[in-house]
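A.B. asks: The structure follows.
Derivation of every value follows stated rules applied to the coordinates shown; laboratory data play no part. Predicted model only: the values in this text are computed from it and were never measured. In this analysis, Cβ positions are derived from the backbone assuming ideal geometry, glycine residues included, and neighbour counts consider all displayed protein chains.
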Amino acid sequence: MAKISRRSFVNKFGMGVGASVIVTTLPSFLSAPEVNKIPDTGKKLNIALCGLGNYASMLAKGIQISEYCTLAGIVTGTQAKAVKWKSQYNIPDKNIYNYENFDEIIKNKDIDLVYVVTPNGLHKDFTIRAAKAGKHVITEKPMAISVKDCEEMIKTCNENNVQLAIGYRLHYEPTHLEIKRMGQEKVFGQVRFIEASLGYKIHDPLDTKSTVNFSDRNEWRLNKKLSGGGPLMDLGVYCIQASRYILGEEPIAVTAQFGTVYNKQIFSETEESISWQMEFPSGAVANCNTSVNYNIDRLYASADEGSFELSPALSYGPFKGKTSEKELKFPVINQQQTQMDEICKFILENKKLPNHITGEEGLKDIKVINAIYKAAETGKKVSLK
Ligand code: NAD
């Protein structure tokens with residue numbers, strides 16, 4: 001673990017926002033940072049990022065400004081990226097791996113945790129290899145492409161005494177912590193109905209006249225073996241998550257409908273759009289949509305005595321929201337930095353990660369996703385009881 005000189009938790013978390021920002025009820029880690037602070041031993045957790053694509057670049061930026069971890073290593077299949085990242089982040093040669101020699105990381109005491117940011121279909125293999133090398137693991141959402149894969153990942157991490165977290169960046173975001181609190185503490189009474197939608201219009205890769213580059217970034221997302229599915233896997237998981245943490249309940253049944261396929265050539269393996277409905281034990285219903293054919297980013301919860309909503313709601317923010325009584329205003333944070341600091345604090349303290357960010361949570365989402373696909377394919381309600 002690397003040495004650091006000082007920790008300025010208070011300065012990092014939101015105190016840089018303008019005085020005009022009204023901070024309503026803050027989540028505990030924001031309102032009382034000193035209480036949650038770990039002993040200043042000067043330790044940082046050494047992270048190796050595995051898969052150096054778009055999101056890994058965002059994570060690297062978050063890690064760079066983080067209090068409790070440092071970007072110490074990389075795992076990549078592309079030599080040119082190894083050269084670029086080595087110079088950009090000052091990574092020593094001994095901490096650079098490719099997909100073939102990755103298992104040698106077992107001998108490297110300077111890496112504490114591997115963060116898997118590859119296409120979804122590869123999360124399982126890299127997580128298992130990292131766990132067998134004795135490294136803690138964070139894997140990106142969605143956790144994997146099947147229930148069996150998730151179960152294997154959890155089992156291997158347990159057997160090797162390493163912790164497994166899922167990259168749920170919104171679990172640390174103040175606006176989301178507040179909507180979770182309002183829902184679960186029934187601030188406006190029982191939530192009866194949720195609307196959650198996230199979609200981005202992606203460009204047609206076959207349109208050669210376009211100046212927008214579809215790029216290889218999205219190609220694996222169209223390949224079912226690598227993605228596990230379309231926008232439901234990629235974006236819909238946020239709608240499932242938000243519904244589950246607002247209610248603090250697990251869905252008991254789902255119905256679902258695939259949307260129109262406008263481009264059959266591109267969307268031959270994965271869906272272009274999907275809508276689904278989730279029923280919860282309290283009787284609450286969530287109505288959700290995701291698509292790569294239209295832009296949408298909103299969340300609405302209707303409760304017995306009021307409502308709350310966000311739009312933008314599930315993206316990288318900044319989020320805008322209100323309740324039936326007032327505007328919701330929270331400090332804008334770097335979601336990746338906050339996620340990394342919160343996860344790393346637990347690991348540095350040798351504490352078990354809270355259930356809501358572990359592999360068990362990732363597995364719950366995959367079970368719901370499977371049921372949604374089954375419901376859309378069969379046209380029938382699928383029970384999750
Ligand atoms: P990307 O295509 O930009 O990056 C994927 C990386 O994996 C690339 O570096 C690519 O070279 C590498 N790779 C390794 N083997 C590959 C293979 N066989 N085929 C294709 N690429 C291969 O994708 P991304 O947007 O960075 O997504 C990576 C992961 O991060 C996904 O699981 C995605 O769901 C997740 N993600 C999470 C968030 C978030 O907000 N938490 C945002 C975006 C992506």
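A.B. asks: Which net charge results when you count Lys and Arg as +1 and Asp and Glu as -1 among the other residues whose beta-carbon is under 14 Å from that of LYS109?
C.D. replies: Details: positive: LYS43, LYS94, LYS107, LYS135; negative: GLU104, ASP110, ASP112.
Result for the local shell: +1.
A.B. asks: CYS69: net charge of surrounding residues, Cβ under 11 Å, Lys/Arg +1, Asp/Glu -1, itself excluded? Provide the component values of the computation, followed by the final result.
C.D. replies: Numbers: positive: LYS43, LYS44, LYS345; negative: GLU67, ASP112, ASP341, GLU342.
Charge balance near CYS69 sits at -1.
A.B. asks: Here's something else I'd like to know. With 25 Å as the cut-off, how large is the P(r) tail for region 45-169, expressed as percent of Cα-Cα pairs? Please report the intermediate quantities before stating the final value.
C.D. replies: Values: 1178 of 7750 pairs.
Percentage above 25 Å: 15.
A.B. asks: Quick one: if the Förster radius is 30 Å, what FRET efficiency do TYR316 and LEU384 give, using the C-beta to C-beta distance and rounding to 0.05? Please report the intermediate quantities before stating the final value.
C.D. replies: Details: r = 30 Å, r/R0 = 0.99.
With R0 = 30 Å, the Cβ-Cβ based efficiency is 0.50.
A.B. asks: In whole Å, what three semi-axes, largest first, describe the equivalent ellipsoid of region 129-200 built from its Cα gyration tensor (square root of 5 times each eigenvalue)?
C.D. replies: On the way: eigenvalues 208, 42, 30 Å².
Taking √(5λ) for each eigenvalue gives 32, 14, 12 Å, largest first.
A.B. asks: Here's a follow-up. Using r as the Cβ-Cβ distance of ARG181 and ASN295, and R0 as 35 Å, what FRET efficiency do you calculate, to the nearest 0.05?
C.D. replies: Numbers: r = 29 Å, r/R0 = 0.82.
Taking R0 as 35 Å, the efficiency between ARG181 and ASN295 is 0.75.
A.B. asks: With respect to the cross-link table entries LYS186/LYS322; LYS135/LYS351; LYS61/LYS367; LYS61/LYS81; LYS124/LYS264; LYS86/LYS351, which display a Cα-Cα separation exceeding 20 Å?
C.D. replies: Over 20 Å apart, Cα to Cα: LYS61/LYS367; LYS124/LYS264; LYS86/LYS351.
A.B. asks: Can you give me the Kirkwood hydrodynamic radius for region 281-385, using every pair of distinct Cα atoms, in Å to one decimal? Write out the running numbers ahead of the final one.
C.D. replies: Details: mean 1/r = 0.0579 Å⁻¹.
The Cα-based Kirkwood calculation yields 17.3 Å.
A.B. asks: Ranked by Cβ crowding within 10 angstrom, fewest neighbours first, how are VAL368, VAL261, VAL191 ordered? All intermediate terms of the calculation are to be shown ahead of the outcome.
C.D. replies: Numbers: VAL368 23, VAL261 15, VAL191 29.
Final ranking by Cβ density, sparse to dense: VAL261, VAL368, VAL191.
A.B. asks: Once the Cα gyration tensor of the chain is diagonalised, what are the square roots of 5 times its eigenvalues, in whole Å and ordered largest first, as equivalent ellipsoid semi-axes? Intermediate values should be presented prior to the final figure.
C.D. replies: Working: eigenvalues 199, 150, 81 Å².
Equivalent ellipsoid of the chain: 32, 27, 20 Å, largest first.
A.B. asks: Here's something else I'd like to know. Can you sort TYR200, TYR68 from fewest to most other Cβ atoms within 10 Å of each residue's own Cβ?
C.D. replies: Numbers: TYR200 16, TYR68 24.
Taking fewest neighbouring Cβ atoms as first place, the list is TYR200, TYR68.
A.B. asks: Quick one: of LYS43/LYS155; LYS148/LYS320; LYS201/LYS364, which pairs are farther than 31 Å apart, Cα to Cα? Present the calculation step by step, with values, prior to reporting the outcome.
C.D. replies: Values: LYS43/LYS155 28 Å; LYS148/LYS320 38 Å; LYS201/LYS364 27 Å.
Long pairs (Cα-Cα over 31 Å): LYS148/LYS320.
A.B. asks: Using the Karplus equation 6.51 cos²θ - 1.76 cosθ + 1.60 (θ = phi - 60°), what ³J(HN,Hα) coupling, rounded to whole Hz, does each residue of region 322-337 give in order, writing x for Gly and Pro?
C.D. replies: So the Karplus estimates, Gly and Pro as x, are 8, 10, 5, 10, 7, 6, 9, 10, 9, x, 7, 10, 7, 4, 6, 4 Hz.
A.B. asks: Okay, moving on. Can you list the residues, at least 5 places off or on another chain, whose amide H is less than 5 Å from the amide H of TYR97, using H built in the peptide plane?
C.D. replies: Long-range HN contacts for TYR97: ILE74, VAL75, THR76.
A.B. asks: For a quick check, take a GNM of the chain with Cα springs below 10 Å and name the residue from ILE266, ILE194, ILE357 with the largest mean-square fluctuation.
C.D. replies: Highest fluctuation among the options: ILE266.
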